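Since every read-out is calculated from the coordinates, none of them should be taken as a lab result. Nothing here was measured: the structure is a model prediction, and the numbers come from that model. Don't worry about glycine lacking a Cβ; one is built from the backbone with ideal geometry, like all the others, and counts go over all protein chains shown.
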């Protein structure tokens, strides 16, 4: 029994150290800069917008960019009151902002409901203020709605997710009215594609993308 306890302690210690190293690596490869408010959005019959927060925006951007009908995905910050926050500001957990993605999509190809299905499947909606190894209010799960129709669709998507029992634990998702999205600093844009060998990308982002691609093969761009 003592041997088993020793092995388990050794394993847990190694896991904790690995998570600390991953988060440290993510911070290490970031540089100070100021985010910018996104320009006004222009919706049309072939362009709508969705804004989600659910953990690291490097992973979120890389995932949603691969979907057919998605035209553009920008990482950034939303949900707080501090104007023009920097990455360093947001990572303190004191700004109210969460790492987010702003998605421009063609609703004739992919619907808002489709995007929510991906979000609620490949991101964990049951862990408040946490997504994988990333912990803090800046990593909380939020859906920002732009109108009553989006709000209704979100309620329906969450209800369906609960009915399908996709997650064992209770769902904890904030639903907030969209107010403003601050585009992240340039070095965050397309980060995973440009830095696939970065430790955090290898250890955290790559497995998340692999899981997403396996579950949504029919929705992927060719």
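Would you mind computing, in nm to one decimal, how far apart the modelled labels at residue 130 and residue 46 are, each placed 7 Å from Cα along Cα→Cβ?
4.5
What nm distance separates the two modelled labels at residue 148 and residue 68, each placed 7 Å from Cα along Cα→Cβ?
Distance between the two pseudo-spin positions: 3.3 nm.
Among 49, 187, 87, rank each residue by its count of other Cβ atoms within 10 Å, from fewest to most, as a rough exposure measure.
With the fewest neighbours first, 49, 187, 87 line up as 187, 49, 87.
Using Cβ counts within 10 Å as a stand-in for footprinting exposure, how do 179, 217 rank, fewest first?
Lowest count first: 217, 179.
Modelled label-to-label distance, residue 162 and residue 190, 7 Å Cα→beta-carbon offset: nm?
Using points 7 Å along Cα→Cβ, the separation is 4.1 nm.
Please list, by residue number, everything in the range 167-197 whose backbone N is under 16 Å from a paramagnetic label point 7 Å out along Cα→Cβ of residue 82.
Residues 181-185 fall inside that zone.
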